[in-house]
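The values are calculated or read from the model by the stated rules, or taken from the named source; none is laboratory data. Fair warning: this is a prediction, and the values are worked out from it, not measured in the lab. Note that we place each Cβ from the backbone using ideal geometry, even for glycine, and neighbour counts take in every protein chain shown. Heavy atoms of the whole protein, side chains included, go into the accessibility calculation; ligands, DNA and RNA do not. Shrake-Rupley method; radii C 1.70, N 1.55, O 1.52, S 1.80 Å.
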Amino acid sequence: MSRIYLKSGKEESLKRFHPWVFSGAISRIEGNVQEGDLVDVYTSHKEFIAKGHYQVGSIMVRVLTFDEHEAIDRDFWRSRLQEAYRKRTAIGIAQHPDNNTFRLVHGEGDYLSGLVIDIYGQTAVMQAHSAGMHYQRQEIAKALMEVMDGKIKHVYYKSETTLPYKADLGQENGFLIGGSKENIAIEYGMKFHIDWLKGQKTGFFVDQRENRALLEKYAKDRSVLNMFCYTGGFSVYALRGGAKSVYSIDSSAKAIELTKQNVALNFTDDNRHNAYAEDAFKYLDTMEKDKYDLIVLDPPAFAKHRDALRNALQGYRRINAKAFEKIKHGGILFTFSCSQAVNKDQFRTSVFSAAASTGRKVSILHQLTQPADHPVNIYHPESEYLKGLVLYVE
Ligand code: SAH
């Protein structure tokens, strides 16, 4: 196996089990290593420290184990997936009677850097973010079937947009095991069409489940604006919660189509719901004041990289300021950021300056994050990405 030697002193983060080796930490590579290969990582004192998948880029090794004697084989995948499943059972989500939609593997949060698996009923959707995981996809799929012990019948692989483009892996989306046209999943009793083929992420934003459930409790008799609605998750919960009206807005016509489908799946001829394809900034600019007393802002990651941070923070400030300006007295604002590059404090500061620019009295009711099936690896704070605030606006 090829070996990677670190520069002196660069082993510190690995000693504290951080699962990434950055290119700048590497002094030399021994052997003919190819993208996706397993490599052993050694300190400058020639001591073994970690083993993982090699990749060209800023993160050069994604660590799979810190144990020199642990082989990366069928047993390895089985035991890591078993652990991930045990965690979801401990949370209570794997066996929930009204829910068959959850995240089984959340990358580093489950000690499987580069891998995501979401479960939708009898179908698992698997997504590789590294060449190493891509090459192991068949092994992982087989191990998954064993671990899920009959609960999964199909494994769909959806990595076309998540794998490094330059690696030229020739990947295609498709079923690795089974194959089914059935694509309706159930989240806390609500039905959703999941678009494995073309949808964002694995087809659905599983990470907003608990926040949607919280919104349901606030929806009664309110006029709701669900901005950046995508598949309409928040809209469906608002309707079940007894909202007076729900407006779903997204710039993508396809998203509006999906939202309408999902509302129709759960409510027949419900004339409380309206959906329009429009730009968020434009809509908020032109909408009348006091129209809504519950607004959800769940924009796409404004900052995909650290260098885009300034613009992203401005984006959050602008969009939240518009909501503060227009929301009715006694209104509730659910506002989110899913940018990994924006931390909790930076997001909160943006929302704070947005509120201050309007001079309204604002109180924080809830501070939200990703749900327990998207766990944060304690040694890898970067795995915490979703941030949300629920605000009361006087
Ligand atoms: N709230 C959703 C997830 C939102 S994803 C859920 O719970 O599932 C972000 C969405 O924002 C995408 O659907 C994307 O089409 C939409 N979007 C991106 N830019 C936009 C803009 N300028 N105006 C309105 N929608 C936008």
Inside region 261-292, can you point out the residues that are under 19 Å from Ser223 (Cβ atoms) and among the charged types (D, E, K, R)? Asp270, Arg272, Glu278, Asp285, Glu288, Lys289, Asp290, Lys291
Please indicate, with yes or no, whether at least one residue in region 105-121 is under 21 Å from the mean Cα position of the chain (by Cα), outside any loop (DSSP other than H, G, I, E, B) and among the polar types (S, T, N, Q). no
Would you be able to say whether some residue in region 181-198 is free of Cβ contacts under 8 Å to residues at least 60 places away in the same chain, surrounded by fewer than 23 Cβ atoms within 10 Å (Cβ to Cβ) and closer than 16 Å to Asp118 by Cα? yes
Take the residues in region 1-21 that are part of a strand (DSSP E or B) and open to solvent by 20 Å² or more (accessible area, probe 1.4 Å); name whichever of them is farthest from Val376 (Cα to Cα). Arg3
Would you check which residues across region 178-218 are farther than 22 Å from Ala124 by Cβ and touching a Lys or Arg at 6+ places or on another chain (Cβ under 8 Å) and list them? Glu216
So Gly199 passes all but one of these: (1) within 13 Å of the ligand (Cβ to nearest atom); (2) touching a Ser or Thr at 6+ places or on another chain (Cβ under 6 Å); (3) at negative phi. Which condition number does it fail? (2)
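When you look at Val39, is it touching a residue at least 12 places away in the same chain (Cβ under 8 Å), more than 22 Å from Lys153 (Cα to Cα), aliphatic (A, V, I, L, M) and open to solvent by less than 60 Å² (accessible area, probe 1.4 Å), yes or no?
yes
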Sole exception among (1) part of a loop (DSSP other than H, G, I, E, B); (2) open to solvent by 60 Å² or more (accessible area, probe 1.4 Å); (3) without any contact (Cβ under 8 Å) to a residue 24 or more places away in the chain for Phe175, by number: (1)
Within region 234-248, work out how many residues are within 17 Å of His96 (Cβ to Cβ) and of a type outside the set (Phe, Trp, Tyr). 1
Specify which of the listed residues (Lys217, Lys198, Lys166) is out of contact with any strand residue (DSSP E or B) (no Cβ under 8 Å at 6 or more places or on another chain), at pLDDT below 90, within 23 Å of Asn100 (Cα to Cα) and not assigned by TED's automatic domain parsing to the domain that holds Gly36. Lys198
Which numbered condition Thr162 fails, given (1) open to solvent by less than 30 Å² (accessible area, probe 1.4 Å); (2) under 18 Å from the mean Cα position of the chain (by Cα): (1)
Among the residues of region 78-98, the number that are closer than 22 Å to His18 by Cβ and over 21 Å from the mean Cα position of the chain (by Cα) is 1
